[in-house]
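Heads up: the structure comes next, in structure tokens.
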Amino acid sequence: MRNVHHKCLIPLLVLACSAVGQTPRTFLHPHPSIERNMPEGPTLDLELPGTTAATLTRDGSVWLGTGHGLWRVNWISHRAHWQYFAGRRYLPSDAVKDLLPDKSDPHSVWVSTAGGTVRLGFDPMTLEAKASLFEQRVELRHNRHGMVADSHLARAGDPSSNVTESSDNDGLWTAMYGASQCFRYSVTHDEEAHRRAVRSVEALLTLERITGIPGFPARSFVKPNEVQPSDGVWYDNPSEGLRWKADTSSDEIVGHFFLFSIAFDTLPDVELKHRIAATARRIMDHILSHGYYLIDTHTGKPTSWGKWSPAYFATKGGRADSPLNAVELLSFLRATRHITGDAKYDAEYRKVAHDMGYAEITARYREYSDEINYSDEELAMLSFYTLFRYEKDPALLPIYRKALDGWWYNIRRERNPLWNLIYLHAQPGTSAAALTAESLATLAEIPLDLVTWTVDNSRRRDIEWDRATDRFQVRQTTTWLSPGERPVMKWNGNPFVVNGGDGGNGEDDGSFYLLPYWLGRYWRAW
């Protein structure tokens, strides 16, 4: 289907200085729980613990104010759909005092809180228009020497105070943004998308060049006038007047091959393709010549996470990592063969997949894994994308599909549009309708405001808390919440950790929206 102009209702917050005035108020009696699927139509006869005010907007939605946020209840096919608004993303204060429908807009309501008054409403917007806003945001506040990553806000909640800064995974985040622009260019032939895609590729090529170690990319780099983060291992590049960050992770290598393969297939630049091929060859040869390790020659030792060797797989920690790392290495080899056209990588691929047993290892994730790591899920799915794009062997495809299903066992509940698209591409017999609709809904519910406001859902009675904490011993739910109701996070975050944020001291770049949106357009999923 081609829902290019698929529309969604975007919650928009408009600050106001005026008081609400004579708000029609309805005080409701406390009730011990919230019924999520109510059969009745719109009415004010709803009960919610601690309700302080209630009103009805002309679109039929009931709005319920409490001392801990605001609820909106609307009806879809006679079933109640609840939305929760709290925290500075939506309200000056969670203590709601009064509510008043906006006479000029059937979807909007004025909210008086202990901290001030706002207008909260829902405006129709196409997903493409939303993507355009995020792309503008990247250009305004998230482009640092062609690399794309988060921004620090010197004044909490004030995007105009942004300061771009280096992060551990500049290479990976830039790769994901760059891939979105490659897909955008392929769909629209927009020259601005082309320039941004090329800029992202150039940034990754620079990361490999500046280390002086063939095939060893830096995590990031800073110039003399920039603040160098206190963490990590840094080296000087005197000839270019900068410092680069080492201890490069598998995350960066996955990102490089992900973007290189996509750019090679979608961009028209012949000279750029030659440089992509040369860099991909150097990275792959570095890994192969060092026994399937990424070696920092300043130390002569493997980096903390650049390990794909059988010796590492034989260790306790390596055994748990081996299904993921096997998928990664196989995808690197497949991509390098495709990009360079060099048959020697076919021979190495067959050796790794068959003789060394890496193909079978990919399918042992649920057997070997000792925790759910959402960052690993990201690396796995990006690697599966590359692997399934180029793998044609009918003997290996069933093994890799079994491997993918091992990861899908947990991923399925995340309603992640990027992982859904990759899964549908790799498992062609899967019914697309439900996953496509779910993906569009998640994209629609990603908020426009990606400031890292503090979000606290602890008081909610409509969510079920998991008995187990996550791998960082953080409380998590078994209930999926809309991206608009949980902390801002990339796809490597745990979507079931529903409390978090840092008080609005940062802003995400939004590439986690752009990549699945434009991939879906590229594959004509919508």
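Here are a few things to note about the model shown:
- Residues that are touching a Cys at 6+ places or on another chain (Cβ under 9 Å) and either closer than 25 Å to residue 375 by Cα or surrounded by fewer than 16 Cβ atoms within 10 Å (Cβ to Cβ) (or both) occur at least once in region 264-279.
- Residue in region 261-281 that is in contact with an Asp or Glu (Cβ under 6 Å, 6 or more places away or on another chain), of a type in the set (Gly, Ala, Ser) and at pLDDT 95 or above present: no
- Any hit, region 89-108, residues being assigned to a strand (DSSP E or B), open to solvent by less than 20 Å² (accessible area, probe 1.4 Å), touching a residue at least 24 places away in the same chain (Cβ under 8 Å) and over 21 Å from residue 453 (Cβ atoms): yes
- Any hit, region 368-381, residues being β-branched (Val, Ile, Thr), open to solvent by less than 20 Å² (accessible area, probe 1.4 Å) and either in contact (Cβ under 8 Å) with a residue 60 or more places away in the chain or under 30 Å from residue 477 (Cβ atoms) (or both): no
- Residue match in region 236-249 (condition: β-branched (Val, Ile, Thr), surrounded by fewer than 20 Cβ atoms within 10 Å (Cβ to Cβ) and either in contact (Cβ under 8 Å) with a residue 12 or more places away in the chain or in contact with a Phe, Trp or Tyr (Cβ under 8 Å, 6 or more places away or on another chain) (or both)): no
- Of all residues in region 281-314 being among the hydroxyl-bearing types (Ser, Thr, Tyr) and open to solvent by less than 60 Å² (accessible area, probe 1.4 Å), the one that is nearest to residue 347 (Cα to Cα): 292
- If you check 494, 410 for being assigned to a helix (DSSP H, G or I) and under 30 Å from residue 526 (Cα atoms), only one passes: 410.
- Residue within region 300-309 that is at pLDDT 95 or above, among the small types (Gly, Ala, Ser) and either assigned to a loop (DSSP other than H, G, I, E, B) or more than 24 Å from residue 147 (Cβ to Cβ) (or both) present: yes
- Looking only at region 76-88, residues that are surrounded by fewer than 16 Cβ atoms within 10 Å (Cβ to Cβ) and assigned to a strand (DSSP E or B) come to 3 in all.
- Residue list for region 480-507, restricted to those being in contact (Cβ under 8 Å) with a residue 60 or more places away in the chain, closer than 28 Å to residue 155 by Cα and either touching a helix residue (DSSP H, G or I) at 6+ places or on another chain (Cβ under 9 Å) or of a type in the set (Lys, Arg) (or both): 482, 484, 485, 490, 491, 492, 493, 494, 495, 507
- Residue in region 467-479 that is out of contact with any Asp or Glu (no Cβ under 8 Å at 6 or more places or on another chain), free of Cβ contacts under 8 Å to residues at least 60 places away in the same chain, basic (Lys, Arg) and open to solvent by less than 50 Å² (accessible area, probe 1.4 Å) present: no
- Among residues of region 36-75, those that are of a type in the set (A, V, I, L, M, F, W, C), open to solvent by 40 Å² or more (accessible area, probe 1.4 Å) and modelled with pLDDT under 90, counted: 2
- Of all the criteria given as (1) within 23 Å of residue 380 (Cβ to Cβ); (2) hydrophobic (A, V, I, L, M, F, W, C); (3) surrounded by fewer than 17 Cβ atoms within 10 Å (Cβ to Cβ), the one not satisfied by residue 227 is (1).
- All positions within region 109-138 that are modelled with pLDDT of 95 or more, in a strand (DSSP E or B) and open to solvent by 50 Å² or more (accessible area, probe 1.4 Å): 110
- Scanning region 145-178 for residues being open to solvent by less than 10 Å² (accessible area, probe 1.4 Å), within 21 Å of residue 210 (Cβ to Cβ) and in a strand (DSSP E or B) gives a total of 2.
The values are calculated or read from the model by the stated rules, or taken from the named source; none is laboratory data. These numbers were taken from a predicted model, which means no experiment stands behind them. Glycine also receives a Cβ, built like all others from the backbone with ideal geometry; neighbour counts cover every protein chain displayed. With ligands, DNA and RNA removed, areas are computed over all heavy atoms of the protein, side chains included. Shrake-Rupley method; radii C 1.70, N 1.55, O 1.52, S 1.80 Å.
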